[in-house]
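The values are calculated or read from the model by the stated rules, or taken from the named source; none is laboratory data. A quick note: this is a predicted structure, and the numbers were derived from the prediction, not measured. Every residue, glycine among them, receives a Cβ derived from its backbone with ideal geometry; neighbour counts consider all protein chains shown. Surface accessibility is based on the protein's heavy atoms, side chains included, excluding ligands, DNA and RNA. Shrake-Rupley method; radii C 1.70, N 1.55, O 1.52, S 1.80 Å.
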Amino acid sequence: MRHETGELNAVRKVWLLMVGSFTLGLDAYVMAGLLPVVADDLATTVSLAGQMVTVFTLAYAVSAPLVAGLLSGVRPRVLIVAALAVFTLGNGLTALAPGLTVLLVARAVAGIGAGVYSALSTAAAAALAGEERRGRALALVMGGMSSGTVLGVPLGVLLADHTSWRATMWLVTGLGAVALLGLAVGLPDIPAAPAVPMRARLAALTDRTVLPVVGVSFLGAVASLGLYTYLAPVLASSGGVGDGAVAPYLWAWGLGGVLGSVVAGPLVDRTGRVYVLVTGIVSTLVVAIGVLPLLGAAAHPALVVWGAAGWAFQVPQQHRLLALRAERGTVALALNNSALYLGSAVGSGAAGLALAAGLAPERLPWAAAAVAAAALVLHLLHKTPARPAVAGSPDTAAAGTRRA
């Protein structure tokens with residue numbers, strides 16, 4: 001009974017990490033709804049303004065594996081709080097940015113803090129929850145990000161419509177400060193894992209069991225997160241949806257994300273069949289994205305399904321990586337998070353270049369669906385069994401023993 005009570009208390013503490021993830025989700029995805037407003041205010045084009053999303057996600061992608069490897073000997077609590085402080089500072093600078101150049105620098109600062117926080121909070125949640133509740137813990141952290149989109153993004157867009165996009169960024173900054181205070185006071189101390197040797201960190205980049213999983217995450221992000229950046233122009237082109245009417249579509253996508261995050265964790269814990277779950281999720285993603293241009297202004301159902309598949313996707317992916325490489329699970333998770341946001345950067349950057357070159361926005365979903373289909377093929381070609389955790393390894397507390 002005492003053991004069960006301890007586990008439940010640990011899971012409750014994961015909610016503190018979820019608060020920070022909520023703010024990350026709001027910050028990362030509210031920009032998709034603000035692109036036209038930001039472009040007008042800074043006297044630039046939507047495609048150029050969209051590069052602030054690219055810069056944020058690229059900084060996110062680069063920072064996660066560097067910190068996970070180089071600072072793996074530092075206590076996670078210290079790094080988590082410091083990362084959220086950098087993230088909050090970057091958002092404050094974003095709200096003050098007088099032009100595009102400063103805006104891009106500020107988004108890079110926020111992205112660095114977000115990348116470090118995301119990688120470490122995921123590993124910390126898994127360690128706090130224990131093996132039996134790991135799926136739920138990972139789902140809580142992912143659910144925080146998806147809740148940030150479903151609750152925060154439409155609110156941020158509405159606030160920008162009635163005031164300015166800078167007011168929205170001050171809202172994000174304030175939420176970041178609240179999350180920072182909560183974590184500084186309430187996050188329990190988590191033992192630091194021994195530093196991972198450089199050789200082990202580099203080995204993850206060539207690991208034939210890890211790379212296909214990370215590759216699927218990358219391609220899925222190119223398709224899903226890259227397309228979401230330009231959802232506003234896609235809806236305007238395919239369904240005649242004006243800038244002021246985008247919020248309900250963002251709500252639909254975010255609501256699907258919350259549902260997907262909530263459902264994915266229990267499914268992973270109860271079935272352990274993460275490979276099958278990923279197959280179904282990516283297949284659903286291909287269809288949901290592909291039908292968007294055909295539905296036009298009636299795309300709400302497809303957006304719900306797209307959001308659910310996109311957010312549910314990473315829960316079994318993370319669980320699978322922890323099982324595949326228990327002896328360096330934190331590094332594998334950081335590599336996956338890096339691939340996730342690098343894919344988002346590549347997707348949004350490529351979509352922005354395509355729009356600047358004259359591609360009709362309503363064709364972007366078909367290109368994204370093709371990339372998602374490539375992710376499905378890669379996934380189907382690489383089914384690998386999970387490896388058992390190594391007794392006494394630094395990541396044993398965060399490692400799975402089920403088969404992938």
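Select from region 99-118 the residues that are open to solvent by 10 Å² or more (accessible area, probe 1.4 Å), over 24 Å from Pro188 (Cα atoms) and within 21 Å of the chain's Cα centre (by Cα) and list them in ascending order.
Leu104, Val105, Ala108, Val109
Residue-wise test of (1) small (Gly, Ala, Ser); (2) within 27 Å of Lys13 (Cβ to Cβ); (3) free of Cβ contacts under 8 Å to residues at least 60 places away in the same chain; (4) open to solvent by less than 50 Å² (accessible area, probe 1.4 Å).
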position: Leu93; (1), (2), (3), (4): no, no, yes, no
position: Ala97; (1), (2), (3), (4): yes, no, yes, yes
position: Val141; (1), (2), (3), (4): no, yes, no, yes
position: Gly152; (1), (2), (3), (4): yes, yes, no, yes
position: Ala160; (1), (2), (3), (4): yes, no, no, yes
position: Met169; (1), (2), (3), (4): no, no, no, yes
position: Val172; (1), (2), (3), (4): no, yes, no, yes
position: Gly186; (1), (2), (3), (4): yes, yes, no, yes
position: Asp189; (1), (2), (3), (4): no, yes, no, no
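So which helices (runs of 4 or more DSSP H) stay within region 253-334 end to end and still have 1 or more residues that are of a type in the set (Val, Ile, Thr) and either free of Cβ contacts under 8 Å to residues at least 24 places away in the same chain or crowded, with 24+ Cβ neighbours inside 10 Å (or both)?
Filter on region 253-334 gives 274-290, 314-324.
Would it be correct to say that Ser338 is closer than 20 Å to Tyr249 by Cα, assigned to a helix (DSSP H, G or I) and of a type in the set (S, T, N, Q)?
Judged against the criteria, Ser338 is not a match.
Return yes or no: is Gly349 more than 18 Å from Leu380 (Cα to Cα) and more than 19 Å from the chain's Cα centre (by Cα)?
For Gly349, the condition - more than 18 Å from Leu380 (Cα to Cα) and more than 19 Å from the chain's Cα centre (by Cα) - is not met.
Would you please name the residue that is farthest from Trp251 (Cα to Cα), looking only at residues in region 33-51 that are among the β-branched types (Val, Ile, Thr) and either part of a helix (DSSP H, G or I) or open to solvent by 50 Å² or more (accessible area, probe 1.4 Å) (or both)?
Looking at residues that are among the β-branched types (Val, Ile, Thr) and either part of a helix (DSSP H, G or I) or open to solvent by 50 Å² or more (accessible area, probe 1.4 Å) (or both), I get Thr45.
Among the residues of region 103-117, are any out of contact with any Ser or Thr (no Cβ under 7 Å at 6 or more places or on another chain) and modelled with pLDDT under 85?
No, the conditions are met nowhere in region 103-117.
Hey, can you tell me all the residues within region 226-252 that are of a type outside the set (Ser, Thr, Tyr) and not in a helix (DSSP H, G or I)?
Gly240, Val241, Gly242, Val246
Residues in region 369-392: is at least one crowded, with 21+ Cβ neighbours inside 10 Å, modelled with pLDDT under 55 and in contact with an Asp or Glu (Cβ under 8 Å, 6 or more places away or on another chain)?
Yes, region 369-392 has at least one match.
Can you confirm whether Ala247 is surrounded by 24 or more Cβ atoms within 10 Å (Cβ to Cβ) and either over 17 Å from the mean Cα position of the chain (by Cα) or without any contact (Cβ under 8 Å) to a residue 12 or more places away in the chain (or both)?
no
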